[in-house]
Amino acid sequence: MSRRFITAFVLTIVLVLSWITIGSSQAQNPASSPTTTPPATKNDYNKPESWLCRPGRKDACAVDMSTTVVAANGKLTRESWAADPKAPIDCFYVYPTVSNDTTPNSDMIAGTEELNVIRAQAARFGSQCRVFAPLYRQVTLSALRAFIAGRTVAIDRNLAYNDVLDAWNYYLEHDNNGRGVVLIGHSQGSMVLTQLIKNEIDGKRIQSRIVSALLLGTNLPVPRGKDVGGAFQQMRLCHSADQVGCVVTYASFRSTSPPPANSRFGKVPGENMVSACTNPAALGGGSGPLRPYLGTRGSGVTNAEVVQKTWVTPPQTIDTPFVTLPGLLTAECVQDEKGSYLAVTVHGDPSDPRTDDITGDVVANGQVLADWGLHLIDVSVAMGNLVDLVHSQSKAYREASKTSSMKTSGH
C-alpha cells in the first residue's frame, strides 16, 4: 500500500469515526444541526445490482477462496473451499470505508475496492450461511481528502445508515422467512450495524432471529465487568461458542505494541465504561490460537495492499489468493490502563523456514502508526475462528429453535 494511500486511509478512519458519532446524534436530535440536507432518494433493494452478494447467483461472493497452508517446516499444502447453497442460516454483512468514488457519498456501482473487501471479509462465511451484502452510499475517500484540504464538502452523514436500514428491512420482508441471521461488520460497517441494532433490534421481537453479531474493529461500550448495558440493553457479549443472540467484538493490536495514549481503539468515554473485547479464539477467556486467512500479497482489505515479501524461505510459488499459518498466532483479550483490546502474539521462530511476522500495521511515511493497531486485518487475522464460531452458533440456534417449537406445539 502506498504511503500516500495509507495516510489518506488513516485520516479516513478518523473522520468516519467522527461522522458516525455526529450523524447518530443528529439523527436523534435534528435540531442540533445548523444546516439540513434534503432527503436523498431511497435505493431500490429490489434491484439485483443494489447487492454485492445474494444467494444463488454469480456475484462478488462467488470467487476463488482457496488457501495455501504454510506449515512451520515450510511445507505448503492447498486447502479448498466451497459455499454451501443450502446453508441453514443467513449472514448480513456491511463493509468498511473503501470507496474511491469522486463524489461525497459513494454511488451504487461496485468498484474493485468493494469487490476486494468482500473477498477479504465476507465471502468465506458462505460455507456456513447465505451471504447478503448490500451496497450503500458511504462517505468516500475523495470527499474526506477534500475535507482534509479545507474544502467544503456536502457529505450526507445519515445516508449510509439509512441505506443499510432499507436493505435490512428489504431482507427481512423478502428473504429472511424466519431464518436465523448473523450480522457482520468491520469499522464503519460495525458502527452502522451498532446503530441498527440499537434502533431496530435490541429488545425487540426480531432479536430472537439474531444468531450473533460480529462487530469487528470498533469501540463498543459496556460497563466495566459487565457484558450488557452500554451500547445495548439486551444483547450480551458472547462467552461460549454455543451461546446465541450475543455479540463478538474487538479491536486488535500486537501484544508487543499495545494501544498508546492516543489510541483510536480500545477506549470509550464514560465513567466506568470500557471498550468490549471478546476473543474469538477463546470466548471463555484466556489465550487461544488464531486461524488467520491473510491475503497472499498482504492485507487484502483494499486494492492497494501492504505487500508481504515472502511466506517461506527459500521463496516458493503460492498461486492461491489466501494463506493460513497454523500455530503462528495466538490472541488474548487484555484490559489494563492502556485499554481493552485483542492482543495478538506472533510466535515467529527464526530457526524455521516460515515467515516470522505478518503485515497488517498501518504505516505512514515509513512509520508504523501504533494508535491504529492491526486495524487493517481485524477480520482476516481471526477469520477461521469466526467462521467456526458461526458454524457452532448456527447449530446451537437451530437446536434451540427446534426445542422452542416443540414446547410451543405441546410435544
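Each value in this text was obtained by applying a stated rule to the coordinates, not by laboratory testing. Every value quoted in this text rests on a predicted model; they were computed, and no experiment measured them. A quick note on method: Cβ atoms are made from the backbone with ideal geometry, for glycine too, and the neighbour counts reach across all protein chains shown.
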Problem - Whichever aspartates and glutamates have a C-alpha closer than 12 Å to that of Lys267, once near sequence neighbours (fewer than 8 apart) are set aside - result: Asp336, Glu337, Asp371
Exercise for the section: May I ask for the Kirkwood hydrodynamic radius of the stretch 297-388, worked out over all distinct Cα pairs and given in angstroms to one decimal? Expected result: 14.8
Exercise for the section: Mind checking which lysines have their Cα closer than 18 Å to the Cα of Lys395? Skip sequence neighbours fewer than 8 apart in that chain. Expected result: Lys86
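I'm a student and want to see the number: the projected area of the Cα convex hull of the stretch 147-233, averaged over all directions, in nm².
On the way: hull surface 29.5 nm².
With every direction weighted equally, the projected area is 7.4 nm².
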Problem - Descending principal axes extents, the stretch 88-214, alpha-carbon based, whole Å - result: 47, 29, 22
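For a quick protection proxy, order the peptides 196-209, 333-346 by their average other-Cβ count within 10 Å, most packed first.
Values: 196-209: 15.6, 333-346: 19.4.
Per-residue Cβ counts within 10 Å, averaged per peptide and sorted highest first, yield 333-346, 196-209.
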Handout entry: Eligible aspartates and glutamates near Lys42 by straight Cα distance, threshold 20 Å, same-chain separation 8 or greater
Key = Asp101, Asp107, Asp156, Asp163, Asp166, Glu173, Asp175, Glu200
Problem - Structure-based [θ]222 nm, the chain - -39500 (n - 2.57) summed over DSSP H runs of at least 4, per residue, nearest 500 - result: -7500 deg cm²/dmol
Completion exercise
Over all Cα pairs of the chain, the Kirkwood radius sets Rh, and Rg/Rh then becomes 0.95
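Does the stretch 148-291 classify as rounded, prolate or oblate by the C-alpha gyration tensor (a ≥ b ≥ c root eigenvalues; a/c under 1.5 gives rounded; else a/b over b/c gives prolate, otherwise oblate)?
Working: a/c = 1.78, a/b = 1.08, b/c = 1.65.
Judged from the Cα gyration tensor, the stretch 148-291 comes out oblate (a/c at least 1.5, b/c at or above a/b).
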